[in-house]
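For reference, the structure discussed in these notes is given below.
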Amino acid sequence: MSSSFLTGSRGYYLALAAGMVVALTTLGFGFFADDYLHIVTVEGHNDLGSPFNVFIFGNGNAEAMRPYIEKGPYPWFMDLEFKAHFFRPLSSALMTLDNQVFGHFAPAFHAHSILWYVLLCLAAMLILRRSLPPAIGVLALLLFVLDESHILPAGWWANRNSVIAVALGFLGVAAHLRWREEQWRPGIFLSLAGYAGGLLASETALGPLAYVLAYELFGAQDGIRARFRAAAPASVLSVGYYAFYRLNGYGAANSELYLDPGTNLPGYLMAAPGRFLMHMGGQFFMLPCEATLLRPSLEPVFIVMGLGTFIIMGFALYILWPGFEKRERRALRWLIPGALIATLPSLAAIVNARVLLAPSLGGAAVIAVMIVHAWRMKGTATVAVSKRRLVRGLMWLFIILHLGVSAILWPVHVAGLRLLMGHLNAIMRSVEMDEERIAESQVLVVNAPDPYTGVYPVMLRYFDGLPQAKSWWLLSMAPFTHRLTRTGDREMELEIVNGQLCTTLIEKLFRSPERPMHPGDRHDLKGLIITVLETGDSGPSRLRLEFEESPESDRYQILVFRNGGYRRIRPPEMGTSLELPYSLP
């Protein structure tokens, strides 16, 4: 672990090269999900956003959001005051530039993203090289660049904003460190430029700013007054940014997945501990906390495993701490709190390893120090055998996971997602519809098996240059059997058998459980009126559908998901039902 291979500039450059190699696997990522929405926005087909305001999914204004439910693609049960609007003008401008220069050629978009990922790795190197001894710094950088939680930010065009924000923010941290430790005067101005650029890219740049605060609290070696003065510029910038963000209506509201502390502090505080523990498990033991998006019932399991991770890591650090060098202790005293504070903004978002981009710097440093010292502990008599076994077991687990499995997961993850998205896109492109009269049709999707194929056909049709339906109504994406019953000339009922809407986290993206629907609620979609007849604990379980004309009319095209695709059907005859068992796409 102390060989020349892991010391000096050569080791750092080899680690950077490893980062470039794994990042190159994302060239084949392709477009999926929000990529299509953003392309639609930059090409002027989404009135909510603009080429410099791409990251808006809802603005919280009921009148502005109503057309997106009446015409689609949002589901009818979405809260009209749903808001997810993020201030990311730099990222938006760069996405618009991609579209203007490269058209729809995805590999070029990803090549641009790879350049930003390399810059992120370079910024991390500048911080680690200054803070840690050479061998540990190189290993920490290698762990950072291979981190599997970076795959989506590096490869998914819609998530590139995080890479840009953290890369520029880390450059700011590196300049701050040089200013403070070498009295390099340009550092103060360059650090502020880095933070400002990062915040223009995404609120994710608050993560790097957490390391500045942690450094001044726990890492700087001069007096309190000097630390306060050094932290003031970044602090003033952060407060000013937050005030601007709130005064201009950015943020999230009325969603279970986005728990913005600025609009829902109680909800954020309730969810934060569990989300933090799940992220701990993801950071150190690569636990797939994203599984809770599909199976919310797994959340307690991942929280318990995250708590176990927290305890194990704390105990291992306690065992190893006496053997750390002075420089290592000093670095960990601010890198660990920095990573913990950097996690706080990410707890407002969807539970997913991809939000760990900024915290993973401190995580990589911790893992690197533990690997090196556990390796050196072999044969020592100063630590009990049982404790040596624990830390050496952790060492081998970290080596296997973070140097072996992580590197393999980059191409595997990219290939798997490309296959999955190709399959789902093929389903959406093969929807059975009468294309000749689609522009005059109101399309009713009864039972989408997942939100992607239920919501995104509208964006994919824009991307493909196809005409749009007059309306795209998504009734349900609940993972249960559905029963469609004809009850009148212009009426049907939809029952979710042994289930209800809004049980999955993706459904709760559109409506918070704090604002439930009730029996009798009526939703007029201008051609179809949906009335809630029965509800369960989380959402409606039975609906009445009142058509403005007979559902057999050429005005409507009714789609159901069965046999692996969306099939057009004729409405059931009077008094009869159509059973639609749930199946995965």
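Rg and Dmax of the range 489-550, using alpha carbons, in Å: what are they?
When restricted to Cα atoms, the range 489-550 yields Rg and Dmax of 12.2, 36 Å.
Per-residue counts of other Cβ atoms within 10 Å, averaged by peptide: what ranking do you get for 389-396, 140-147, highest first?
So the peptides 389-396, 140-147, ranked by packing, come out 140-147, 389-396.
How big is the charge dipole of the chain about its Cα centre, in debye rounded to the nearest 20, if each Lys and Arg gets +1 on its Cβ and each Asp and Glu gets -1 on its Cβ?
3200 debye
Answer rounded, prolate or oblate for the range 458-529, using the Cα gyration tensor with square roots of eigenvalues a ≥ b ≥ c: rounded when a/c is under 1.5, else prolate when a/b is larger than b/c, else oblate.
Cα axes put the range 458-529 in the oblate bin.
Just name one of Asn53, Thr25, Pro134: the one whose Cα is farthest towards the positive end of the charge dipole of the chain (beta-carbon charges, Lys/Arg +1, Asp/Glu -1).
Of the options given, the answer is Pro134.
I need the shape label for the range 232-319. Rule: rounded when a/c is under 1.5, else prolate if a/b > b/c, else oblate, with a, b, c from the alpha carbon gyration tensor.
oblate
At a Cα cut-off below 22 Å, give the lysines reachable from Lys508, other chains included and same-chain residues fewer than 8 away excluded.
Lys71, Lys83
Sorted by mean Cβ packing within 10 Å, highest first, what order do the peptides 73-80, 487-494 take?
73-80, 487-494
How long are the semi-axes of the ellipsoid equivalent to the range 1-140, from square roots of 5 times the Cα gyration tensor eigenvalues, in whole Å, largest first?
42, 17, 12
Cα gyration tensor of the range 90-209, axes a ≥ b ≥ c as square roots of the eigenvalues: rounded (a/c below 1.5), prolate (a/b > b/c) or oblate?
oblate
Using only the Cα atoms of the range 133-175, what semi-axes does the equivalent ellipsoid have when each is the square root of 5 times a gyration tensor eigenvalue? Give whole Å, largest first.
Computed over the range 133-175, the values are 22, 15, 4 Å.
Relative contact order (percent) for the chain, with alpha-carbon contacts under 8 angstrom and 6 or more residues of separation?
Relative contact order comes out at 16 percent.
For the range 311-435, report the convex hull volume of the alpha-carbon atoms normalised per residue, in Å³, without decimals.
Taking the convex hull of the Cα positions in the range 311-435, it is 144 Å³ per residue.
Along the principal axes of its C-alpha atoms, what lengths does the chain span, in descending order and rounded to whole Å?
Result for the chain: principal-axis Cα extents of 83, 50, 41 Å.
How much net charge surrounds Leu401 when only the other residues with a Cβ under 13 Å from the Cβ of Leu401 are counted, with Lys and Arg +1 and Asp and Glu -1?
Here the charged neighbours net out to -2.
Along the charge dipole of the range 310-363, Cβ charges K/R +1 and D/E -1, which of Leu332, Gly362, Ala316 sits furthest on the positive end?
Looking along the dipole axis, the top candidate is Leu332.
For the range 283-332, report the translational diffusion coefficient in µm²/s to the nearest whole number, using Stokes-Einstein at 4 °C, 1.567 mPa s, and a Kirkwood Rh over Cα pairs.
Reported coefficient: 101 µm²/s.
Give the accessible surface of the range 27-86 per residue, rounded to a whole number of Å², with probe radius 1.4 Å and ligands, DNA and RNA excluded.
32 Å²
Using only the Cα atoms of the range 462-576, construct the convex hull and provide its projected area averaged over every direction, in square nanometres to one decimal.
Answer in nm², one decimal: 8.4.
The values are calculated or read from the model by the stated rules, or taken from the named source; none is laboratory data. Just so we're clear, the structure is a prediction, and the values are computed from it rather than from any experiment. Neighbour counts are summed over all protein chains in view; Cβ atoms, including those assigned to glycine, are modelled from backbone coordinates with ideal geometry. We work out accessible area using only protein heavy atoms, side chains counted, and drop any ligands, DNA or RNA first. Shrake-Rupley method; radii C 1.70, N 1.55, O 1.52, S 1.80 Å.
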